[in-house]
Amino acid sequence: MKLSELETPRLILERGKLEQNVRTMREHMGRLGVPLRPHGKTAKCIDVIRLALEGQPGGITVSTLKEAEYYFGHGIKDLLYAVGIAPVKLDHIAKLRKEGAEITIILDSMEQAQVAATYGKKHDETFPVLIELDSDGHRSGLTPADPELIGIGRFLHDTKGVELKGVLTHAGGSYGAKAIDEIKKAAVQERDVAVACAQLLRAAGLPCPVVSVGSTPTATYAEDLAGVTEVRAGVYMFFDLVMAGLGVCAIEDMAISVLTSVIGYQKKKGWVITDAGWMAMSRDRGTSRQTTDQGYGIVCSVDGTPIPDYIVDSTNQEHGIIVRRDGGAMDFNRFPIGSLLRILPNHACATATMHDRYHVVNRTDDVIDVWQRVHGW
Ligand SMILES: Cc1ncc(COP(=O)(O)O)c(C=O)c1O
């Protein structure tokens, strides 16, 4: 099948760029001496995760139990479910664990620890647990100053039904960095908080074998990960315009795009209209908070070459509206009706999840594979 014969909109994945991104991160982590536990939430696709796991111990991170079930079904046993545990999910996790999935959960409150322990005792299950830490104030987690840290650690260690495995933090605040220096500082802070909490637990006589950190910006710019035992990053496999805006990748590194057809114009307004609306791109406007707002995405020619003067300025459900970024006159001859374009997305996780599969291409016009994605919870 040819790329130019696909019905639109379709999600396109460039295999060469994916392989390069995965290799770059693997080599960087190799230099720092820390293994990757790649996050499966961006790709939601076993074929992508197999590439990311090359040379790694084999465990992955997931953001939904549907992902856990899917990846386990494809042979990955060591799964870290990295969203604070909700009691209603314990049945599902216990079922997967009974089938052989080694699922670790995370929590940051005594209430969650007690619920998990009570469930574990009642159902003859022992849940491995990481305590979630807050390294930058962007989401959940305990800080080194929180007195509950040791109390929860001791409870997890001493109580049947649960087992203290270590600590985890995600420097999601790094997405708001304004300069590379800030990302570097976020990487240091992420490591320092995780290592400090691990040391506090150990000083209290508790085990803390796992010290888990990771976001794509901080993983990319980390210079020293002493004390860290694994790095979870996900979006680096594909990259996106938010990462490019942060300086974490180049626009040319982006491995996914949405193939779209030109379906009309509003010539007086300077608009080219396509069939990639927000259902194909997602509603994510992550670059709106960055120095360069990329609208709903940068326009590329069908071979994937960016035409940075043109962006998708607005979307309806099934319509995208392309304008010239500088408001100048549109060259409509460049966009005949039915011609194909590719749009680079703001946020790879959000755009990919609008699609059920990837059409995988190399630098030629050939679609070399179709890779399915998992969806939902
Ligand atoms: C808990 C956790 N770990 C790791 C990651 C991976 O971060 P990134 O997508 O920046 O690679 C995420 C992303 O949201 C996350 O929530």
Which value in deg cm²/dmol, rounded to the nearest 500, describes the helix-derived mean residue ellipticity at 222 nm for the chain, given -39,500 (n - 2.57) per DSSP H run of n ≥ 4 and division by the residue count? -9000 deg cm²/dmol
May I ask for the angle, rounded to the nearest 10°, between helix 15-32 and the longest principal axis of the chain, with both axes built from Cα atoms and the value confined to 0 to 90°? 30
Which whole-number percentage describes the relative contact order of region 15-62, with Cα contacts under 8 Å and a sequence gap of 6 or more? 40
For the table Lys44/Lys89; Lys95/Lys122; Lys77/Lys185, the rows whose alpha-carbon distance is greater than 25 Å are Lys77/Lys185
Give me the percent of DSSP beta bridges within region 219-377 that run antiparallel, rounded to the nearest 5. 100
Of Lys178/Lys267; Lys41/Lys98; Lys178/Lys269; Lys2/Lys178, which ones are farther than 31 Å apart at the Cα? Lys178/Lys267; Lys178/Lys269; Lys2/Lys178
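Please state the relative contact order of region 15-238 as a whole percent: Cα pairs under 8 Å, 6+ residues apart?
Working: 441 pairs, mean separation 46.8, N = 224.
In percent, rounded to a whole number, it is 21.
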Largest-first ordering by accessible area, 1.4 Å probe, given options Val370, Val34: Val370, Val34
Using a 1.4 angstrom probe and counting only protein chains, how large is the accessible area of Lys2 in Å², to 10? 80
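Which percentage, to the nearest 5, of the DSSP beta bridges contained in the chain is antiparallel? Could the numbers behind the result be given before it?
Numbers: 32 of 59 bridges.
Here the antiparallel bridges make up roughly 55 percent for the chain.
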Accessible-area order (highest first, 1.4 angstrom probe) of the listed residues Val129, Val302: Val302, Val129
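With N denoting the number of residues in the chain, provide Rg(C-alpha) divided by 2.2 N^0.38 Å, to two decimal places. Provide the component values of the computation, followed by the final result.
Working: Rg = 22.1 Å, N = 377, 2.2 N^0.38 = 21.0 Å.
Normalised by 2.2 N^0.38 Å, the Cα Rg of the chain equals 1.06.
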Going by alpha carbons, how many degrees (0 to 90, nearest 10) lie between the helix axis of 148-158 and the longest principal axis of the chain? 60
Helix 110-122 against the longest principal axis of the chain: what's the angle in degrees, Cα atoms only, rounded to the nearest 10? 70
Which percent of the accessible heavy-atom area of the chain goes to carbon and sulfur, probe 1.4 angstrom? 51
For region 15-238, radius of gyration divided by Kirkwood radius, i.e. Rg to Rh on alpha-carbons: 0.96
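Would you mind calculating the relative contact order of the chain from Cα pairs under 8 angstrom and at least 6 residues apart, reporting the percent as a whole number? If you can, show how the numbers build up before the last one.
Numbers: 853 pairs, mean separation 74.5, N = 377.
Taking the mean separation of contacting Cα pairs over the length of the chain, I get 20 percent.
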Rounded, prolate or oblate: which one fits region 299-377, using the alpha carbon gyration tensor with axes a ≥ b ≥ c (rounded when a/c is under 1.5, else prolate when a/b beats b/c, else oblate)? oblate
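I need the shape label for region 232-313. Rule: rounded when a/c is under 1.5, else prolate if a/b > b/c, else oblate, with a, b, c from the alpha carbon gyration tensor.
Numbers: a/c = 1.92, a/b = 1.70, b/c = 1.14.
Prolate, because a/c is 1.5 or more and a/b exceeds b/c.
Is the C-alpha gyration tensor of region 44-142 telling us rounded, prolate or oblate? Criteria: a/c under 1.5 is rounded; beyond that, a/b larger than b/c is prolate, otherwise oblate.
Values: a/c = 2.29, a/b = 1.27, b/c = 1.80.
Here region 44-142 falls in the oblate category.
The values are calculated or read from the model by the stated rules, or taken from the named source; none is laboratory data. Remember, predicted model here, so these are calculated numbers, not experimental data. SASA here: full protein model, heavy atoms, side chains in, ligands and nucleic acids out. Shrake-Rupley method; radii C 1.70, N 1.55, O 1.52, S 1.80 Å.
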